[in-house]
């Protein structure tokens, strides 16, 4: 079945990823099911951070994927496919020139964060059982908590209000297209496109590792998801090894 064949709107949940996972475990959801929440009061971000969103204003969405025929070494390829789908949607309205994917899994407009991705995988032995792709994208929100780091929404960019559930369904269409690219063996092309849209590529950035902040130039991302940078040396960083200093 294609992604989006089932689109469930929820009033309020702790986390759409948690809800989707529970539905899979209960045998109530299969590949392509999408769960959209108008309110999420315990949203999960990367590295244990919280994803906060004003009720009713944004895309809060989790999609069930069953990539059983993909090798589990393609976890980053799946992440890249989801990130590209989010970029496809957002750039359609905000402009491709200003929309980028910030390694490893954030959606950026210029130097401001427009969204984030959290994929939670489950494996059976050396096979993929399922993946829950959580996506949060700022659509109509204009007031953000002080703790939010450089946020931006589609409404702030365009001056227009949008139908968030309709955009979530549209995201499902882009997810299906990108997922088909992946399962048809085009992981290399997806990586190339991911790198083409990479935030600050070929530009100097400041990164923090442990307590040390250093300057380097972003060069790209490897098939396994390592960030490549160049200064006096070419460096490779795994997810969680460094933080951006913006």
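Observations, loosely collected:
- Cα gyration tensor category, rounded, prolate or oblate, for region 132-214 with a/c compared to 1.5: oblate
- Residues 28, 34, 21, ranked from the fewest to the most other C-beta atoms within 10 Å, line up as 28, 21, 34.
- Taking every alpha-carbon pair under 8 Å whose residues sit at least 6 apart, region 6-196 reaches a relative contact order of 23 percent.
- Taking 17 Å as the cut-off, the amide N atoms of region 153-187 that come nearer than this to a point 7 Å along the Cα-to-beta-carbon line of residue 54 belong to 153-165.
- Rounded to the nearest 500, the helix-only mean residue ellipticity at 222 nm of the chain stands at -8500 deg cm²/dmol, with each DSSP H run of n ≥ 4 adding -39,500 (n - 2.57).
- The ranking of 62, 215, 79 from fewest to most other beta carbons within 10 Å of each one's beta carbon is 215, 79, 62.
- Fluctuation leader among 222, 99, 16 - the chain, Gaussian network, Cα springs under 10 angstrom: 222
- In region 72-172, one over the average inverse separation of all distinct C-alpha pairs is 14.4 Å, which is the Kirkwood hydrodynamic radius.
- Region 6-196 - share of DSSP beta bridges that are antiparallel (%, nearest 5): 80
- Residue 147-residue 200 FRET efficiency (beta carbon distance; Förster radius 22 Å; 0.05 resolution): 0.45
- Tensor-based shape of region 89-146 (alpha-carbon gyration tensor, a/c under 1.5 rounded, otherwise prolate or oblate): prolate
- Relative intensity of region 104-246 on a log10 scale, I(q)/I(0) at q = 0.21 Å⁻¹, equals -1.45, per a Debye sum over C-alpha point scatterers of equal strength in the absence of solvent.
- Residue of 206, 169, 197 that the Gaussian network model of the chain assigns the largest fluctuation, springs spanning Cα pairs under 10 Å: 206
- The chain shape via C-alpha gyration tensor axes, a/c threshold 1.5: oblate
- From least to most packed, judged by other beta carbons within 10 angstrom and beginning with the fewest, 76, 123 follow the order 123, 76.
- For the chain, built as a Gaussian network whose Cα springs stay under 10 Å, the top-fluctuating residue of 187, 97, 85: 97
- In plain terms, the chain from residue 213 to residue 241 could stretch by 8.8 nm, reckoned as 0.36 nm per residue minus the Cα-Cα distance.
Laboratory data are not the source of any read-out in this text; all were calculated from the coordinates shown. None of the values given here were measured: they were computed from a predicted structure. All Cβ positions, glycine included, derive from the backbone under ideal geometry; neighbour counts span all protein chains shown.
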